[in-house]
Structures are given as C-alpha cells and as structure tokens.
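J.: What follows is a structure written as structure tokens; I'll ask about it next.
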Amino acid sequence: MEHITLSLPANRSLSGKALAGVVGSGDMEVLYTATEGQTLSIDITTSLDNSDARWKALFDRLNLTNGLPAGKLIIHDFGATPGVARIRIEQVFEEVSHA
C-alpha cells in the first residue's frame with residue numbers, strides 16, 4: 001500500500017459532501033468535502049506502488065478540462081484503471097455541484 005498526498009490550486013468553489021464508489025468493491029472509493037479557500041487537498045491510499053506520476057497526470061488533465069474545486073478529496077484505490085479513477089472523481093464533483 002502506498003499513501004500519496006497532493007495539494008493543488010483550485011479555481012472554483014463548491015459546497016457540500018459527496019461519495020462515489022465502494023471501498024470493498026475491488027475498484028475505488030472517493031470522498032469529497034468542499035472547503036473555503038483556493039486549494040484542493042488530496043489524500044490517496046492505493047494498492048499500486050510507485051503511482052505518484054499517474055495520479056499527478058490524472059489531476060493535471062482534470063484541471064485542464066473542468067478546473068479543480070477547493071476542498072478535501074480522500075481516495076481509496078484498489079487498482080482501478082485511470083478511466084475509472086477519473087469517472088469516480090468527476091462523479092463526486094458533479095454530485096456536489098447539483099446538490
């Protein structure tokens with residue numbers, strides 16, 4: 001297991017909390033809590049070692065596409081593909097933006 005912590009600049013704000021995925025599904029779970037400020041703090045626990053570059057690249061792409069909201073993101077990854085990871089992350093941002 002590897003633990004990765006990222007802190008990225010946020011350029012939009014949301015309010016509320018959201019959860020996507022299930023921790024025991026063999027996939028991944030993403031929990032998002034909106035906060036005031038201009039930073040998205042990300043804590044990732046993953047079963048894949050040496051995946052820092054993959055996660056950083058994923059968040060760089062998300063930032064280019066939709067921007068990142070301020071808040072706290074907790075990710076429990078059990079080997080999800082980058083596509084599934086992106087879907088789960090986008091799901092929590094979308095759920096909070098429509099709440």
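The values are calculated or read from the model by the stated rules, or taken from the named source; none is laboratory data. Predicted, not measured: the structure shown is a model, and the values here were computed from it. Positions of Cβ are generated from backbone atoms using ideal geometry, with glycine treated the same way; all protein chains shown enter the neighbour counts. The area values use the complete protein model at the heavy-atom level, side chains included, leaving out ligands, DNA and RNA. Shrake-Rupley method; radii C 1.70, N 1.55, O 1.52, S 1.80 Å.
J.: Test THR35 against the stated conditions and say whether it is in contact with a Gly (Cβ under 9 Å, 6 or more places away or on another chain) and farther than 21 Å from ARG61 by Cβ.
T.: It is true that THR35 is in contact with a Gly (Cβ under 9 Å, 6 or more places away or on another chain) and farther than 21 Å from ARG61 by Cβ.
J.: Which pairs have Cβ atoms under 7 Å, sit 6 or more apart or on different chains, and link a residue in segment 71-99 that is in contact (Cβ under 8 Å) with a residue 24 or more places away in the chain to one that is surrounded by fewer than 20 Cβ atoms within 10 Å (Cβ to Cβ) and part of a helix (DSSP H, G or I)?
T.: Hits for this filter: PRO82/ARG54; PRO82/LEU58; ALA85/LEU58; ARG86/LEU58; ARG86/LEU62; ILE89/LEU62.
J.: Residues of segment 4-39 being among the charged types (D, E, K, R), touching a residue at least 40 places away in the same chain (Cβ under 8 Å) and open to solvent by 60 Å² or more (accessible area, probe 1.4 Å), which ones?
T.: Scanning segment 4-39 gives ARG12, LYS17.
J.: While we're here: Are any residues in segment 45-99 open to solvent by 50 Å² or more (accessible area, probe 1.4 Å) and in contact with a Lys or Arg (Cβ under 7 Å, 6 or more places away or on another chain), and if so, which ones?
T.: Listed by number, the list holds a single entry, PRO82.
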